[in-house]
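Chemist: Take a look at this one; I'll ask things after.
The values are calculated or read from the model by the stated rules, or taken from the named source; none is laboratory data. All of these numbers come straight from a predicted model, not from anything done at the bench. Every residue, glycine as well, gets a Cβ built from its backbone with ideal geometry; the counts of neighbours run over all protein chains shown.
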Amino acid sequence: EAGVTQFPSHSVIEKGQTVTLRCDPISGHDNLYWYRRVMGKEIKFLLHFVKESKQDESGMPNNRFLAERTGGTYSTLKVQPAELEDSGVYFCASSQARTSGYTFGSGTRLTVV
Amino acid sequence: RKEVEQDPGPFNVPEGATVAFNCTYSNSASQSFFWYRQDCRKEPKLLMSVYSSGNEDGRFTAQLNRASQYISLLIRDSKLSDSATYLCVVILIYNQGGKLIFGQGTELSVKP
């Protein structure tokens, strides 16, 4: 079974630019989540999709962040325009059920300079 | 107060030592509990689920006390390969949504 795949693994962009992160969940997993870890802090929830619907986006920091999951398969997370404080590791996870163990992708390390 | 709090690390122990990690959570509505392991610059990986009855997987034993809102992880006979950051994680379920809440992690370093 293929795991959760994230692309790119690393991204270095300048402040003000746009970056789009992609996540391919495990096939058949309706639940898809985005998390973020900034330097020195714990991993924090950003949002939760069930299929193509956003169930909870309470963790999204501000309106510079836009997540989509068209067709209920892969998801994208766009940051526009990027700011320095957006630097961190963005993890995607998927699960079959909301209470079951989640599988994480290897993350995208975003550096905004 | 953080939603999930763990022992501040790092823990530096010799091979063969027994080490215990503690974790408390603040939301009594938390429904599922896990320990994840995260190696340097890697993604978190599920180590084990945690149940009130306690569960054991080889050298690892996890315990949940719902009344005290406390979770523990015991590692016996620690190996060099156990060196990693251990994350205490709870799941909050509400309406149709759900999310993992992470502790800040406790770093373990096992030395020869």
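Chemist: Could you check segment B:12-36 and list, in sequence order, the residues that are touching a Pro at 6+ places or on another chain (Cβ under 8 Å) and of a type in the set (Phe, Trp, Tyr)? Give the steps one after another, and end with the answer.
Modeler: Narrowing segment B:12-36 to residues touching a Pro at 6+ places or on another chain (Cβ under 8 Å): B:14-15, B:36.
B:36, the sole residue that qualifies.
Chemist: Could you check residue A:103 against (1) surrounded by fewer than 16 Cβ atoms within 10 Å (Cβ to Cβ); (2) at negative phi; (3) not small (Gly, Ala, Ser) and say which number it fails?
Modeler: Single failed check for residue A:103: (1).
Chemist: Going through segment B:69-100 one residue at a time, which ones are within 20 Å of residue B:29 (Cα to Cα) and assigned to a loop (DSSP other than H, G, I, E, B)?
Modeler: Just the residues of segment B:69-100 that are within 20 Å of residue B:29 (Cα to Cα), to begin with: B:69-72, B:87-100.
Those that are within 20 Å of residue B:29 (Cα to Cα) and assigned to a loop (DSSP other than H, G, I, E, B): B:69, B:95, B:96.
Chemist: Go through (1) over 14 Å from residue B:39 (Cα atoms); (2) in a strand (DSSP E or B); (3) of a type in the set (Gly, Ala, Ser) for residue B:109 and report which single condition fails.
Modeler: (1)
Chemist: With β-branched (Val, Ile, Thr), touching a residue at least 40 places away in the same chain (Cβ under 8 Å), in contact with a strand residue (DSSP E or B) (Cβ under 9 Å, 6 or more places away or on another chain) and within 25 Å of residue B:105 (Cα to Cα) as the only criterion, which of A:76, A:99, A:103 stands out?
Modeler: Going through A:76, A:99, A:103 in turn, just one is β-branched (Val, Ile, Thr), touching a residue at least 40 places away in the same chain (Cβ under 8 Å), in contact with a strand residue (DSSP E or B) (Cβ under 9 Å, 6 or more places away or on another chain) and within 25 Å of residue B:105 (Cα to Cα): A:103.
Chemist: Follow-up question, since we're still on this one. Taking strands (runs of 3 or more DSSP E) that fall entirely within segment B:1-68, which contain at least 1 residues that are in contact with a Gly (Cβ under 7 Å, 6 or more places away or on another chain) and at pLDDT 90 or above?
Modeler: Per the criteria, B:4-6, B:19-25, B:32-38, B:44-49, B:60-65.
Chemist: Is it the case that segment A:68-91 has a residue that's at pLDDT 95 or above and closer than 17 Å to residue B:46 by Cα?
Modeler: Within segment A:68-91, one or more residues are at pLDDT 95 or above and closer than 17 Å to residue B:46 by Cα.
Chemist: Restricting to segment A:64-113, name every residue that is in a loop (DSSP other than H, G, I, E, B) and under 17 Å from residue A:15 (Cβ atoms).
Modeler: Within segment A:64-113, A:64, A:80, A:81, A:82, A:83, A:87, A:113 meet the criteria.
Chemist: Now for a different question. Going through A:39, A:60 one at a time, which residue ends up being away from every other protein chain (no Cβ under 11 Å), touching a Leu at 6+ places or on another chain (Cβ under 7 Å) and surrounded by fewer than 20 Cβ atoms within 10 Å (Cβ to Cβ)?
Modeler: Criteria check complete, one pass: A:60.
Chemist: Going by the conditions given, is residue B:87 within 13 Å of chain A (Cβ to nearest Cβ), within 20 Å of residue B:3 (Cβ to Cβ) and buried (at least 21 other Cβ atoms within 10 Å of the Cβ)?
Modeler: Considered against the rule, which asks whether it is within 13 Å of chain A (Cβ to nearest Cβ), within 20 Å of residue B:3 (Cβ to Cβ) and buried (at least 21 other Cβ atoms within 10 Å of the Cβ), residue B:87 comes out as yes.
Chemist: Count, please, the residues in segment B:48-63 that happen to be away from chain A (no Cβ under 14 Å) and closer than 11 Å to residue B:35 by Cα.
Modeler: Count: 3.
Chemist: What are the pairs with Cβ atoms under 7 angstrom where one residue, in segment B:26-42, is within 11 Å of chain A (Cβ to nearest Cβ) and crowded, with 19+ Cβ neighbours inside 10 Å and the other, located anywhere, is of a type in the set (Val, Ile, Thr) and not in a strand (DSSP E or B)? Sequence gap at least six, or different chains.
Modeler: Once the first residue is within 11 Å of chain A (Cβ to nearest Cβ) and crowded, with 19+ Cβ neighbours inside 10 Å and sits in segment B:26-42, its partners that are of a type in the set (Val, Ile, Thr) and not in a strand (DSSP E or B) give B:32/A:99; B:33/B:50; B:34/B:50; B:35/B:50.
Chemist: Ok, one more. Taking the conditions exactly as written (polar (S, T, N, Q) and facing another protein chain (nearest Cβ under 9 Å)), does residue A:103 satisfy them or not?
Modeler: Answer is yes for this residue.
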